[in-house]
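Participant: Input: one structure, supplied below.
The values are calculated or read from the model by the stated rules, or taken from the named source; none is laboratory data. Remember, predicted model here, so these are calculated numbers, not experimental data. Quick reminder, even Gly has a Cβ in these numbers, built from the backbone with ideal geometry, and neighbours come from all protein chains shown.
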Amino acid sequence: MSKIGVIFDLDGVIVDTAKYHYLAWKSLADHLGFEFTEAHNELLKGVSRVRSLEILLDIGNVQLSEQRKQEILISKNEEYLGYIMKMNADEILPGAEKLLNTLDDLGINYVLGSASKNAELILKQVGLYHRFYGIVDGNAVSKAKPDPEVFLIGAKKLNMPPKSCIVFEDAIAGIEAANIVNMTSVGIGDKDILIEADFNFNSLTEIPEDFFSRFLSEKN
Ligand code: G6P
Ligand code: MG
């Protein structure tokens, strides 16, 4: 058995669903009568669905009843699912499949650690579901990143101590969550934003061939 395990965030690491979240949140904001920009959307990355709505309503300075919020969460997700159902393997982000192949070759297990309640469906749409050793998604956790719950459950699935897990994340909250429990954090995206990560790459394509093998030998 390998000495390390890998945990992947989904949105922004394996696929780019942020654009679909944006379209669905934007049509809600349009309906409520305020502007919701792509810059605003950045604030929702890695954040749970419920918390995303709270942030959105704060942006629009809109107050709604609990019941209305529940209705809105359902209709936002329905619109989002409309986009997800059209996804296919073309939407896998560059470098992701190659990275999974490398891990398979090295015998390193990997699981998903995502806040999304739609993670399973998305992975099935793009044809990657069967490749993961386990899935930890928004249905399995009660505390959102930066709480490390999602990654700790992932480590358990991998049967690895947290310090032997490498986490790939595009959100600050996810890097924080990994760091809190001494996992190795790899930031995918802007280095200046993901400054707390142990390693930084602009995209998965930049990860050196020997990234994991070097890691394995360091652990010996
Ligand atoms: C990911 C995304 C967030 C999204 C969250 C919940 O973490 O980065 O932008 O809000 O998942 O997604 P869901 O599919 O459950 O609405
Ligand atoms: Mg993400």
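Participant: Please state which one of Ile180, Ile135 is under 21 Å from Gly95 (Cα atoms), of a type in the set (A, V, I, L, M, F, W, C) and modelled with pLDDT of 95 or more. First the steps, then the outcome.
Facilitator: Working: Ile180 fails: under 21 Å from Gly95 (Cα atoms).
Testing whether each residue is under 21 Å from Gly95 (Cα atoms), of a type in the set (A, V, I, L, M, F, W, C) and modelled with pLDDT of 95 or more leaves just Ile135.
Participant: Turning to a different aspect of this structure: Could you identify the single residue in Ile172, Ile135, Ile166 that is within 12 Å of ligand 2 (Cβ to nearest atom), under 15 Å from the mean Cα position of the chain (by Cα) and surrounded by 15 or more Cβ atoms within 10 Å (Cβ to Cβ)?
Facilitator: Working: Ile135 fails: within 12 Å of ligand 2 (Cβ to nearest atom); Ile166 fails: within 12 Å of ligand 2 (Cβ to nearest atom).
Of Ile172, Ile135, Ile166, the one residue that is within 12 Å of ligand 2 (Cβ to nearest atom), under 15 Å from the mean Cα position of the chain (by Cα) and surrounded by 15 or more Cβ atoms within 10 Å (Cβ to Cβ) is Ile172.
Participant: Output the residue which, of all residues in segment 175-199 that are more than 20 Å from Pro148 (Cβ to Cβ) and more than 16 Å from the chain's Cα centre (by Cα), is surrounded by the fewest Cβ atoms within 10 Å (Cβ to Cβ).
Facilitator: Only one residue fits best here, namely Asp192.
Participant: Given the conditions (1) over 18 Å from Tyr20 (Cα atoms); (2) assigned to a helix (DSSP H, G or I); (3) among the aliphatic types (A, V, I, L, M); (4) touching a residue at least 40 places away in the same chain (Cβ under 8 Å), which single one is not true for Val111?
Facilitator: Evaluating Val111 over (1) over 18 Å from Tyr20 (Cα atoms); (2) assigned to a helix (DSSP H, G or I); (3) among the aliphatic types (A, V, I, L, M); (4) touching a residue at least 40 places away in the same chain (Cβ under 8 Å) leaves (2) as the failure.
Participant: Please determine whether any residue of segment 118-132 is within 16 Å of ligand 1 (Cβ to nearest atom), without any contact (Cβ under 8 Å) to a residue 40 or more places away in the chain and surrounded by fewer than 16 Cβ atoms within 10 Å (Cβ to Cβ).
Facilitator: Checked against the condition, which is being within 16 Å of ligand 1 (Cβ to nearest atom), without any contact (Cβ under 8 Å) to a residue 40 or more places away in the chain and surrounded by fewer than 16 Cβ atoms within 10 Å (Cβ to Cβ), segment 118-132 yields at least one hit.
Participant: Same structure, new question: If you go through segment 93-108, how many residues are within 16 Å of ligand 1 (Cβ to nearest atom) and either touching a strand residue (DSSP E or B) at 6+ places or on another chain (Cβ under 7 Å) or in a loop (DSSP other than H, G, I, E, B) (or both)?
Facilitator: Step one: list which residues in segment 93-108 are within 16 Å of ligand 1 (Cβ to nearest atom), which gives 93, 96.
Add one more test, that the residue is either touching a strand residue (DSSP E or B) at 6+ places or on another chain (Cβ under 7 Å) or in a loop (DSSP other than H, G, I, E, B) (or both), and what stays is 93.
Counting residues in segment 93-108 that are within 16 Å of ligand 1 (Cβ to nearest atom) and either touching a strand residue (DSSP E or B) at 6+ places or on another chain (Cβ under 7 Å) or in a loop (DSSP other than H, G, I, E, B) (or both) gives 1.
Participant: Still on this structure, please answer the following. Consider Val47 against the criteria (1) of a type in the set (A, V, I, L, M, F, W, C); (2) modelled with pLDDT of 95 or more; (3) outside any helix (DSSP H, G or I): it satisfies all of them except one. Which criterion is unmet?
Facilitator: Going through the list (1) of a type in the set (A, V, I, L, M, F, W, C); (2) modelled with pLDDT of 95 or more; (3) outside any helix (DSSP H, G or I), Val47 breaks only (2).
Participant: Just name the residue that is nearest to Thr205 (Cα to Cα) out of those in segment 154-193 that are in a helix (DSSP H, G or I) and touching a Cys at 6+ places or on another chain (Cβ under 9 Å). Full working, then the answer.
Facilitator: Here is the first cut: in segment 154-193, the residues in a helix (DSSP H, G or I) are 154-158, 162-164, 172-180.
Now restrict to residues that are touching a Cys at 6+ places or on another chain (Cβ under 9 Å): 154-155, 158, 178.
Values: Gly154: 24, Ala155: 25, Leu158: 24, Ala178: 22 Å.
Here the answer is Ala178.
Participant: Going by the structure shown, is Leu10 crowded, with 18+ Cβ neighbours inside 10 Å, in contact (Cβ under 8 Å) with a residue 24 or more places away in the chain and near ligand 1 (Cβ under 10 Å from one of its atoms)?
Facilitator: Details: crowded, with 18+ Cβ neighbours inside 10 Å: yes; in contact (Cβ under 8 Å) with a residue 24 or more places away in the chain: yes; near ligand 1 (Cβ under 10 Å from one of its atoms): yes.
So Leu10 passes the test.
Participant: Within segment 204-220, is even one residue buried (at least 20 other Cβ atoms within 10 Å of the Cβ) and not in a helix (DSSP H, G or I)?
Facilitator: Here is the first cut: in segment 204-220, the residues buried (at least 20 other Cβ atoms within 10 Å of the Cβ) are 204, 212.
In the following step, the residues that additionally are not in a helix (DSSP H, G or I) were identified as none.
Checked against the condition, which is being buried (at least 20 other Cβ atoms within 10 Å of the Cβ) and not in a helix (DSSP H, G or I), segment 204-220 yields no hits at all.
Participant: Could you say which residue among Lys45, Lys26, Lys69, Lys76 is over 29 Å from Thr205 (Cα atoms), among the charged types (D, E, K, R) and near ligand 1 (Cβ under 10 Å from one of its atoms)?
Facilitator: Values: Lys45 fails: over 29 Å from Thr205 (Cα atoms); Lys26 fails: near ligand 1 (Cβ under 10 Å from one of its atoms); Lys69 fails: near ligand 1 (Cβ under 10 Å from one of its atoms).
Exactly one of Lys45, Lys26, Lys69, Lys76 is over 29 Å from Thr205 (Cα atoms), among the charged types (D, E, K, R) and near ligand 1 (Cβ under 10 Å from one of its atoms), namely Lys76.
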